[in-house]
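To start, the structure under review is shown below, and the notes come after it.
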Amino acid sequence: MIYLVEHFYSIQGEGKYVGTPSLFFRFGGCNMKCEGFGCKETASDGAEVLGCDTVYAVNKEHFLQNWIPINKAQELLSILSLYDLPEAVDIVLTGGEPLIYANDEIFVDFLEVLVEQGHQITFETNGSLAVDFEKYPVYKECVFALSIKLSNSGEPLNKRLRGNVIYNIASNAKDAFFKFSIDKESINIALEEEIESVTIHSPQTKVYCMPVAGSKKELEENTEPLIEFCKAKGYNFSDRLHIRIWDANKGV
């Protein structure tokens, strides 16, 4: 079963295509929890859930009542008609982790129609789940923002870093780039080594570093130290415009 959490038309707030008008589809479910990021969300049952800044799209136990079950591709495609969109607007698939549905027939059908209509599709993924580019060639027409999780996520190394998956995606995708979430406390020599342990699997892929943030206040606290880190290492700094402008992650 595919679950859609929310959809919204906005600008891309992060990474290589920052500022690009984009229609976002946020899917429910993830293969990680990332409790190390320390973001909290209160569920309708009163439970305070710890995780990433979109924990409401990760934690099925407490947020399932807000997830929309999808039974056919047309249910997703019909969402485009709800907005006044420019022709072939960029589509961003995020989560949670959208690639948990990579082998689902409904999901693949959805992608194929979007590509036929001329949309650029960007996956925001943690880069730990394999994609079958030969069986589903539509993925070769997609862009992948590889948000590989670092130790500050709280996830074990063997779960968050899969070099063969990173190499396969970067080698087969239309475009790919690394996007790391970093807080000021994590900026040290160990961080440099961590990032290099990821990028070694695709050395030509560009690196973007963005501040860990669940709010504008947290974004501002982590921004300047991260800019200095990027200047020293030659990485690209990525702002998080949606948080800086709207102080929120949901539906903006």
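Determine, yes or no, whether Lys159 is closer than 24 Å to Phe180 by Cα and without any contact (Cβ under 8 Å) to a residue 40 or more places away in the chain. Lay out the reasoning, then the answer.
On the way: closer than 24 Å to Phe180 by Cα: yes; without any contact (Cβ under 8 Å) to a residue 40 or more places away in the chain: no.
Considered against the rule, which asks whether it is closer than 24 Å to Phe180 by Cα and without any contact (Cβ under 8 Å) to a residue 40 or more places away in the chain, Lys159 comes out as no.
Select from segment 120-142 the residues that are buried (at least 20 other Cβ atoms within 10 Å of the Cβ) and assigned to a loop (DSSP other than H, G, I, E, B) and list them in ascending order.
Going residue by residue through segment 120-142, those that are buried (at least 20 other Cβ atoms within 10 Å of the Cβ) are 121-128, 131, 139, 142.
Scanning segment 120-142 gives Asn126, Gly127, Ser128, Val131, Cys142.
Gly19 passes all but one of (1) more than 14 Å from the chain's Cα centre (by Cα); (2) crowded, with 21+ Cβ neighbours inside 10 Å; (3) outside any strand (DSSP E or B); which number fails?
(2)
Of the residues Gly118, Gly51, which is small (Gly, Ala, Ser) and under 22 Å from Glu14 (Cβ atoms)? Don't jump to the end; show me each part of the working.
On the way: Gly118 fails: under 22 Å from Glu14 (Cβ atoms).
Only one candidate passes the filter, namely Gly51.
So, Gly29, is that one part of a loop (DSSP other than H, G, I, E, B) and either in contact with a Pro (Cβ under 8 Å, 6 or more places away or on another chain) or modelled with pLDDT of 95 or more (or both) or not?
Numbers: part of a loop (DSSP other than H, G, I, E, B): yes; either in contact with a Pro (Cβ under 8 Å, 6 or more places away or on another chain) or modelled with pLDDT of 95 or more (or both): yes.
Here the answer is yes, as Gly29 does meet what is asked.
Can you tell me which residue is farthest from Glu6 (Cα to Cα) among those in segment 83-105 that are free of Cβ contacts under 8 Å to residues at least 60 places away in the same chain and not in a loop (DSSP other than H, G, I, E, B)? Don't jump to the end; show me each part of the working.
Keep residues of segment 83-105 that are free of Cβ contacts under 8 Å to residues at least 60 places away in the same chain, which gives 84, 87-88, 99, 102-103, 105.
When the remaining residues are screened for being not in a loop (DSSP other than H, G, I, E, B), the result is 99, 105.
Details: Leu99: 16, Glu105: 21 Å.
The residue in question is Glu105.
Taking Ser151 and the conditions (1) modelled with pLDDT of 95 or more; (2) surrounded by fewer than 18 Cβ atoms within 10 Å (Cβ to Cβ), which numbered condition does it fall short on, given that it satisfies the others?
So Ser151 meets the others, but not (1).
Considering only residues that are over 24 Å from His7 (Cβ atoms), assigned to a strand (DSSP E or B) and aliphatic (A, V, I, L, M), which ones fall in segment 35-52?
Result: Leu50, single match.
Can you tell me how many residues within segment 195-210 are within 12 Å of Leu150 (Cα to Cα) and surrounded by 21 or more Cβ atoms within 10 Å (Cβ to Cβ)?
Going through segment 195-210 one residue at a time, the tally reaches 2.
Looking at Ala176, Ala170, Ala213 in this structure, which one is touching a residue at least 12 places away in the same chain (Cβ under 8 Å), assigned to a loop (DSSP other than H, G, I, E, B), surrounded by 15 or more Cβ atoms within 10 Å (Cβ to Cβ) and among the aliphatic types (A, V, I, L, M)? Talk me through it step by step, then tell me what you get.
Working: Ala176 fails: assigned to a loop (DSSP other than H, G, I, E, B); Ala170 fails: assigned to a loop (DSSP other than H, G, I, E, B).
After applying the criteria, what remains is Ala213.
Within segment 234-248, work out how many residues are surrounded by fewer than 14 Cβ atoms within 10 Å (Cβ to Cβ) and either at pLDDT 95 or above or within 20 Å of Thr199 (Cα to Cα) (or both).
Residues flagged as surrounded by fewer than 14 Cβ atoms within 10 Å (Cβ to Cβ) and either at pLDDT 95 or above or within 20 Å of Thr199 (Cα to Cα) (or both) within segment 234-248 amount to 1.
Return the residue satisfying two criteria in turn: it lies in segment 216-249 and is over 16 Å from the mean Cα position of the chain (by Cα) and not in a helix (DSSP H, G or I), and of such residues it is farthest from Ile166 (Cα to Cα).
Per the criteria, the residue is Asp247.
Could you tell me which residue of segment 53-68 is nearest to Ala213 (Cα to Cα), considering only residues that are touching a strand residue (DSSP E or B) at 6+ places or on another chain (Cβ under 6 Å) and not in a helix (DSSP H, G or I)?
Looking only at segment 53-68, we keep the residues that are touching a strand residue (DSSP E or B) at 6+ places or on another chain (Cβ under 6 Å), and these are 53, 55-59, 62, 67-68.
From what is left, the residues that are not in a helix (DSSP H, G or I) are 53, 58-59, 67-68.
Values: Asp53: 7, Val58: 17, Asn59: 19, Trp67: 23, Ile68: 26 Å.
The residue in question is Asp53.
Could you list, in sequence order, all residues of segment 151-176 that are among the hydrophobic types (A, V, I, L, M, F, W, C) and out of contact with any strand residue (DSSP E or B) (no Cβ under 6 Å at 6 or more places or on another chain)? Before you say what the answer is, go through the steps one by one.
Step one: of segment 151-176, the residues among the hydrophobic types (A, V, I, L, M, F, W, C) are 157, 161, 165-166, 169-170, 173, 176.
Once the filter is applied, which keeps residues that are among the hydrophobic types (A, V, I, L, M, F, W, C) and out of contact with any strand residue (DSSP E or B) (no Cβ under 6 Å at 6 or more places or on another chain), segment 151-176 yields Leu157, Leu161, Val165, Ile166.
Per-residue answers, yes or no, for (1) crowded, with 22+ Cβ neighbours inside 10 Å; (2) within 14 Å of the chain's Cα centre (by Cα); (3) touching a residue at least 24 places away in the same chain (Cβ under 8 Å):
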position	(1), (2), (3)
Ser10	no, no, yes
Cys34	yes, yes, yes
Asp45	no, no, no
Gly51	yes, no, no
Ala57	yes, yes, yes
Asn71	no, no, yes
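The values are calculated or read from the model by the stated rules, or taken from the named source; none is laboratory data. As the structure is a prediction and not an experimental result, all values here were calculated from the model. Note that we place each Cβ from the backbone using ideal geometry, even for glycine, and neighbour counts take in every protein chain shown.
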